[in-house]
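Have a look at the structure below, then the notes.
The values are calculated or read from the model by the stated rules, or taken from the named source; none is laboratory data. Owing to the predicted nature of the structure, the values given are computational and were not obtained by experimental measurement. Cβ atoms come from the backbone with ideal geometry, glycine included; neighbour counts cover every protein chain shown.
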Amino acid sequence: MIVLVAIAFNFLLGYGIAGVIVAFVFAIGLAFTSYFNSDKIALAVSHAKPADGPEYQRYHNLVEGLCIAAGLPKPRLYVIDDPAPNAFATGRNPKHAALAVTSGLLAMMNRVELEGVVAHELSHVKNYDILVSTIAVTAVGTIVLLSDIGMRFMWFGGRRDRRDNSDNGALGLILVLAAFALLILAPFAAQIMQMSLSRNREYLADSSGVQLTRYPPGLISALEKLKGDHSVVHHASRATAQMWIEQPLEGKPGGSKQSWLDRAFDTHPPLEDRIARLKEM
């Protein structure tokens with residue numbers, strides 16, 4: 001997809017490979033910055049605070065036990081003061097990982113349910129899902145950047161060599177329209193692929209978490225409680241939605257009123273599907 005967009009970018013603008021190189025360097029720079037600071041950004045945006053104090057001892061004990069079983073270093077633990085039950089893990093690798101849960105999750109879940117949620121999030125860390133997500137976001141960002149620059153230059157100047165290519169006839173017109181359409185549609189297609197990847201990683205984290213606890217009913221019961229809760233996380237956004245264990249915003253995936261297009265842009269698979277898969281294990 002990136003190659004196709006780059007070809008369309010060059011064809012419409014006529015700036016050659018130099019323009020694409022500049023765009024790629026800019027995108028890679030943003031990717032490195034976000035990759036090495038992803039945990040700090042996610043925790044700050046979510047208003048997470050360190051889980052210090054005796055009231056979080058159960059939380060610490062569960063994480064320590066699961067980390068020993070998984071062979072992972074203990075991540076930094078945080079709590080988000082929010083009544084909506086949810087959780088997420090962040091960090092570029094297990095040595096720089098952080099785990100955050102909402103106060104609502106700690107209040108709602110019993111020990112085995114909380115263990116299932118924590119195992120799910122630790123599985124994201126063990127499976128390097130943050131790295132996978134960063135690559136996906138970078139790829140989508142590159143496509144969106146190239147498309148946006150291409151569209152702006154088309155509206156405010158077009159090709160530098162337009163006069164030299166005015167005699168291409170019908171074939172030239174078809175190629176221009178095809179390239180123009182690709183720049184318009186490519187960002188949507190890329191985001192659909194990114195969300196599909198995010199949904200698949202959620203399935204993987206569910207199964208990996210159950211393998212870690214050896215007790216599927218724990219995570220199943222936790223997901224059923226999350227399914228019955230319709231509150232939203234106040235400090236969540238679309239940019240961080242795919243990090244959480246379930247959709248933190250309004251409009252939970254899998255609803256009967258969702259169209260196929262809505263489902264394509266969901267960051268999470270329907271909780272019903274996740275529960276059904278876990279029951280088969």
Apart from one, (1) at pLDDT below 85; (2) out of contact with any Pro (no Cβ under 9 Å at 6 or more places or on another chain) all hold for Asp148; the odd one out is (2)
Screening Val79, Val112, Val101 for residues that are part of a helix (DSSP H, G or I), modelled with pLDDT of 85 or more, closer than 30 Å to Gly228 by Cβ and of a type in the set (Val, Ile, Thr) leaves only Val112
Counted residues in the stretch 224-245 being surrounded by fewer than 22 Cβ atoms within 10 Å (Cβ to Cβ) and over 17 Å from the mean Cα position of the chain (by Cα) come to 9
Apart from one, (1) closer than 27 Å to Thr267 by Cβ; (2) of a type in the set (S, T, N, Q); (3) out of contact with any Leu (no Cβ under 7 Å at 6 or more places or on another chain) all hold for Asn61; the odd one out is (1)
Note on Gly254: of the conditions (1) more than 17 Å from Asp129 (Cα to Cα); (2) modelled with pLDDT of 85 or more, unmet is (2)
Of Ile130, Ile143, Ile149, the only residue that is assigned to a helix (DSSP H, G or I) and in contact with a His (Cβ under 9 Å, 6 or more places away or on another chain) is Ile130
Screening Leu62, Leu66 for residues that are closer than 19 Å to Asn110 by Cβ, at pLDDT 90 or above and touching a Ser or Thr at 6+ places or on another chain (Cβ under 9 Å) leaves only Leu66
When the stretch 96-150 is checked residue by residue, the ones that are of a type in the set (Gly, Ala, Ser) and surrounded by fewer than 24 Cβ atoms within 10 Å (Cβ to Cβ) are Ala97, Ala98, Ser103, Gly104, Ala107, Ser133, Ala136, Ala139, Gly141, Ser147
Over the stretch 94-125, the set of residues over 21 Å from Ala44 (Cβ atoms) and of a type in the set (Val, Ile, Thr) is Val112, Val117, Val118
Residues in the stretch 39-58 that are at pLDDT below 95 and in contact with a Leu (Cβ under 7 Å, 6 or more places away or on another chain) total 0
Listed by first then second residue, the pairs whose first member lies in the stretch 160-186 and is at pLDDT below 60, whose partner is in a loop (DSSP other than H, G, I, E, B), with beta carbons under 7 Å and at least 6 positions apart or on separate chains, are Arg160/Gly14; Arg160/Tyr15; Asp161/Gly14; Asn165/Arg159
If we keep only residues of the stretch 46-64 that are free of Cβ contacts under 8 Å to residues at least 40 places away in the same chain and in contact with a Lys or Arg (Cβ under 8 Å, 6 or more places away or on another chain), then the residue farthest from Val112 (Cα to Cα) is Pro50
